[in-house]
Amino acid sequence: MEGRRSIAFDSLDRVMPEVDRLRAGHAASGRWTLGQILHHLASSIKLIVEGDHPLAGPIDPEMARRFEIRRRRFLSSGRFLDGVAIPLPSLVPPFDADAGAGSESLRSALARFRESDGPFPSHPVFGPMSKDDWDAFHRLHCAHHLGVVRPIMAEGANS
């Protein structure tokens, strides 16, 4: 996507400082506002922590092998692809999502994820995932969406 920043988070602890920086002044180049992005990210993390994942279920050994290959490829790629369909309607943000509310919701979801020991649900494409796998997934997911938002320095602010 044109206008995407190349950002990466080596820890989920780095996400909220970036969100706070963007909330101080930003320009979004994607189809979603910052509020919609934050709502989407918070919703996806809450879904994992709450453990009531509608796409989880038993898998056969052959499917488990395919999931493992996909998961390894995805996590080692270090990025999300643009244009991937959202797997659940609950992850589509409302048109009028507020950045302030989304920021606090994301902060809360990240704290809940840090404190959770699981069990964690399977991913619909990558299958069963450990907490470390979900941590890496969420870091990539946050970087993917926040990468379409550029910080803008306020007038008079020092570089």
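With the contact rule set at Cα under 8 Å and sequence spacing of 6 or more, what percent relative contact order holds for the chain?
Worked out over the chain, it gives 50 percent.
Of the candidates His141, His123, His39, which one comes out as most mobile in a Gaussian network treatment of the chain with C-alpha springs shorter than 10 Å?
With Cα springs under 10 Å in the chain, the top fluctuation among His141, His123, His39 is at His123.
What order do you get for Trp134, Trp32 when you list them from fewest to most C-beta neighbours inside 10 Å? List each step's numbers first, then the result.
Values: Trp134 22, Trp32 18.
With the fewest neighbours first, Trp134, Trp32 line up as Trp32, Trp134.
Output the 0 to 90 degree angle, nearest 10, between the alpha-carbon long axis of helix 131-146 and the longest principal axis computed from the alpha carbons of the chain.
40
With +1 assigned to the C-beta of every Lys and Arg and -1 to the C-beta of every Asp and Glu, and no other charges, what is the dipole magnitude of the chain about the Cα centre in debye, to the nearest 20?
460
To the nearest 0.05, what FRET efficiency results for Leu75 and Arg107 with a Förster distance of 35 Å applied to their C-beta separation?
0.90
Can you grab the distance from the C-alpha centre of the stretch 1-50 to the C-alpha centre of the stretch 121-141, Å, no decimals?
17
If I fit a long axis through the Cα atoms of helix 34-50 and take the longest principal axis of the Cα atoms of the chain, what angle between them do I get, 0 to 90°, rounded to 10?
30
Under a Cβ-Cβ cut-off of 10 Å, what is the net charge of the residues other than Gly127 that fall near it, where Lys and Arg count +1 and Asp and Glu count -1? Don't jump to the answer; show the numbers that get you there.
Working: positive: Arg65, Arg66, Arg70, Arg71; negative: Glu68, Asp133.
Here the charged neighbours net out to +2.
Can you tell me the 0 to 90 degree angle between the C-alpha axis of helix 99-115 and the longest principal axis of the chain, rounded to 10?
The helix 99-115 is inclined about 40 degrees to the chain.
Run lengths n ≥ 4 of DSSP H only: what is the helix-derived mean residue ellipticity at 222 nm for the chain, with -39500 (n - 2.57) per run over all residues, to the nearest 500?
-15500 deg cm²/dmol
If the stretch 1-144 were replaced by its equivalent ellipsoid, with semi-axes equal to the square roots of 5 times the Cα gyration tensor eigenvalues, what would those be, largest first, whole Å?
26, 17, 15
Which three extents, in whole angstrom, do the alpha-carbon atoms of the stretch 59-159 cover along their principal axes, largest first?
Here the Cα extents, ordered largest to smallest, are 59, 27, 26 Å.
Between Met63 and Phe95, what is the FRET efficiency for a Förster distance of 35 Å, r being their Cβ-Cβ separation, to the nearest 0.05?
Taking R0 as 35 Å, the efficiency between Met63 and Phe95 is 0.45.
Values in this text are rule-based calculations from the coordinates and carry no lab data. Here the structure is a predicted model, which means the values were calculated and not measured. All Cβ positions, glycine included, derive from the backbone under ideal geometry; neighbour counts span all protein chains shown.
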